[in-house]
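Some notes on the structure that comes next.
The values are calculated or read from the model by the stated rules, or taken from the named source; none is laboratory data. Worth saying up front: this structure is predicted, and the values here are computed from it rather than measured. Virtual Cβ from ideal backbone geometry, glycine too; neighbours counted across all protein chains shown. Side chains are part of the model used for accessible areas, which takes the heavy atoms of the whole protein and leaves out ligands, DNA and RNA. Shrake-Rupley method; radii C 1.70, N 1.55, O 1.52, S 1.80 Å.
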Amino acid sequence: MNIMVGKGATLPSSPGCLIDGVWETGEGEEIVVVNPANETVLHRLTGASVEQADRATAAARRSFFEGHWSRMAPRERSRRMHHLVDLFEARRQQLAELIVDEVGTPIRITHGLQIQFAIDVLRWFADKAAEGPRGGFEELLNLHKQPILSASMLVREPAGVVAAITAYNNPLLLLGRKLGPALAAGCTIVVSRRARRSRPSPSWNFSPKRTCRRERSISSSVAWMSAAG
C-alpha cells in the first residue's frame, strides 16, 4: 500500500526496521506520523523493541568482523558512497515533499537546508573515505632517538559498530552527519530514529532506508530502526 502525501509525494508502506538486510515489522510501541500543519495522520508504524535493537547491534557487529565493508579499499568505499549520494539526489523532489509534510519546513528552504546540505555533507565524507583523515590512513611519525633509533607508523583503522540517533527537525542532514563519517571510516552503524511527540520523520523512515538498500554493500553495513518515546 502507498499513501499520498502533500503535492503528490508517495509515502511507501513498509516495516519499520531493516535488520541484517531483512525488513521486519517493529515489535515495540506504535508511532503515529502527524502533519504539523493540519494534524492529519500521515502514517502509522510500529517501533523497534529492545530485542530487535539487540539483534540489530549484533548483526552490525557481525557484519563489521565478517563482512567486506570494513576491509574494503578506501577508494572503493568512496566510490560506493558517491553512488549512494547519487541515489539520494535522484529522489530529491520526493524527499523534499515528504519533509515539508512532516517537519513543516517551507519548500524553498527544504531544498537547500534540508536536502542540499545533507547531500553536500555526504559528498564530503564520500571524498574523505578515499583521502582519509589528515591526508591518509597511514601517518609516519617522527623518528625516536631514545632508547634506540626507531621509526613508527600510525595506522587508522575502523573502530567497530557506531550507534546513531537522529532528531525530528532536520532528518536528512542529521542522518548525513552521522552516517557519512561512520561509513567513510569503514564502520558499520545502527541508526535509530527517535520519535518526538510521536512524530518520527517519514522521510527518514522510508526513502533513505530504501535508497541505502539499493547500494547492497552499504545496506549490509547499516541497520535501521524507529523508536518511540
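Quick test of your reading of the structure: PHE125 fulfils all but one of (1) open to solvent by less than 60 Å² (accessible area, probe 1.4 Å); (2) among the aromatic types (Phe, Trp, Tyr); (3) out of contact with any Gly (no Cβ under 7 Å at 6 or more places or on another chain). Name the failing condition by number. So the condition that PHE125 fails would be (3).
Remark: pairs (first residue in region 92-119, basic (Lys, Arg); second residue at pLDDT 90 or above and assigned to a helix (DSSP H, G or I); Cβ separation under 9 Å; 6+ apart in sequence or on different chains) = ARG92/HIS111; ARG92/ILE115; ARG92/GLN116; ARG92/ILE119.
Could you check region 155-182 and list, in sequence order, the residues that are among the β-branched types (Val, Ile, Thr) and modelled with pLDDT under 90? Spell out how you get there, then give the answer.
Here is the first cut: in region 155-182, the residues among the β-branched types (Val, Ile, Thr) are 155, 161-162, 165-166.
VAL155, ILE165, THR166, listed by residue number.
Screening region 36-67 for residues that are farther than 17 Å from ALA163 by Cβ and among the charged types (D, E, K, R) and picking the one that is farthest from the chain's Cα centre (by Cα) gives GLU39. Filtered by the rule that a residue be open to solvent by less than 80 Å² (accessible area, probe 1.4 Å) and over 18 Å from the mean Cα position of the chain (by Cα), region 68-101 gives MET72, ALA73, PRO74, GLU76, GLU97, VAL100, ASP101.
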